[in-house]
Amino acid sequence: MKKKKLQNFNSPAPILLFTYKRLQSLKRLIISLKTNREFYSHELFIFSDAAKKKIEINQVKRVRNYIKKIKGFKKITIYLRKKNIGLEKNITYGVSKIIKKKKKVIVLEDDLFLSKNFLNYMNNSLKNYEKKRKVWHISGWNYNFRLPKTNADAFFGRYMNCWGWATWHNRWKYYEKNPDKLISKWNNEDIKKFNLDGSYNYWSQVLRNHKKIINTWAIFWYATIFKKKGLCLNPTSSLVINFGEDSFSTNVNKNIVSTNIKIKQNNKIIKFPKKIEENKRIIDFIKSKIRPNFLKKVFNKIIGLSLK
C-alpha cells in the first residue's frame, strides 16, 4: 500500500512567539516546535517583554541571551521591549504589527508544548478556510475530554481558545477591547449565549476588565468573534499542552485547563468538518463538562452582582 502524503501548503504563516522571563518553559516550547518537520520553512518573530521588577532583570536577560541563539528557522526577527508593557499589549501590538504585513499568523506563548502535527494542522487550516469568512479563528488546544465520535479531526464552536492559535488579517482587524461598549450594548440573551448557554461565566472577565481588576486581551478577541457570528476551529484531540496561565485562563478552572493532555505525536492528513457550522453534539457535551455545580453557580452569581 502506498503511504499517504502530508497535505501541502504554500507560504506558511509566520510564527509569533511571546515571551517574558520563563527560560525553561521557552526552551521546552522551542524543542517541541522543532519536532514539527515544517518548522524550518517558517519565519519566526519573537517578542520579548522587559522586566517589570528589578528581581526579574536577570531572568529576562537569560531569556534574551537564549533567543539570540535560536537557529533553524527561515528567518528570525526579535523585538526587545525597552519597557515592560505587559502580556495584553505585547500580544495585541505584536499580532497587529505582523499580521498587517503577512496577512496571517500563528501565535504562541512560552508556556506551551506542541505536538509535531501542530504546524501541519495550523497551516492547512489557514489555507482551507482563508476564504470562508464565517471561520475566524484556528485553535490548536482543546479540552482534555474524550469527545463524542466524529468523522473529522476538528470541529467548529462559537467559543475561542488561545493556547496556540492562528487567524487572518481580515478577521483580526476587527479586534476591539472595549468592555464599556459590550456592557452597554449586550443584553442578557447575548451574555447567556456568550457564556455557552450559561455553562461557564466568561462574561465575568469582561466585567473584571471593566473594573480594572484584570487587564486581559483574549476575552475581547472571543467577544469580537462572537459579535461577528464567527466560528472557531478546534482539534478533536489537543495538539497543545498549556503548562501555565495566560490572559484567558484567568478565572478558568484548572481542572478544565489540564496539563496532562496526551497530545498525538503523528503527522497525518487533516480531515476537516464537512459543514461550516457549530457541532451541536460536541458543544453540548463540552457544556455538560464545564458547567459549574450548584455551589459554583451561587458563587459566580454573587461575584457577578458585586461587579455590576
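Data table
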read-out	value
Strands (runs of 3 or more DSSP E) fully within the range 127-236 counting 1 or more residues that are of a type in the set (V, I, T) and over 16 Å from V95 (Cβ atoms)	135-139
Subset tally (residues that are surrounded by fewer than 16 Cβ atoms within 10 Å (Cβ to Cβ) and either closer than 19 Å to M122 by Cα or touching a helix residue (DSSP H, G or I) at 6+ places or on another chain (Cβ under 7 Å) (or both)) for the range 80-95	1
Matching residues in the range 192-212 - criterion: being touching a Leu at 6+ places or on another chain (Cβ under 8 Å) and more than 29 Å from F285 (Cα to Cα)	H210, K211
Residue that is farthest from T167 (Cα to Cα), among those in the range 69-95 that are more than 15 Å from the chain's Cα centre (by Cα) and polar (S, T, N, Q)	N84
Yes/no for L80 being within 25 Å of W217 (Cβ to Cβ), free of Cβ contacts under 8 Å to residues at least 60 places away in the same chain and in contact with a strand residue (DSSP E or B) (Cβ under 7 Å, 6 or more places away or on another chain)	yes
Near pairs, Cβ below 8 angstrom, 6+ apart or cross-chain, from the range 52-73 (in contact (Cβ under 8 Å) with a residue 40 or more places away in the chain) to any residue that is among the basic types (K, R)	V60/K21; V63/K21; V63/R22; Y66/K27
Which numbered condition N123 misses (of (1) more than 30 Å from K280 (Cβ to Cβ); (2) crowded, with 21+ Cβ neighbours inside 10 Å)	(1)
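Every number here is computed from the coordinates shown, using simple stated rules; none is lab data. Predicted model, so just to flag it, every value in this text is computed and none were measured. A quick note on method: Cβ atoms are made from the backbone with ideal geometry, for glycine too, and the neighbour counts reach across all protein chains shown.
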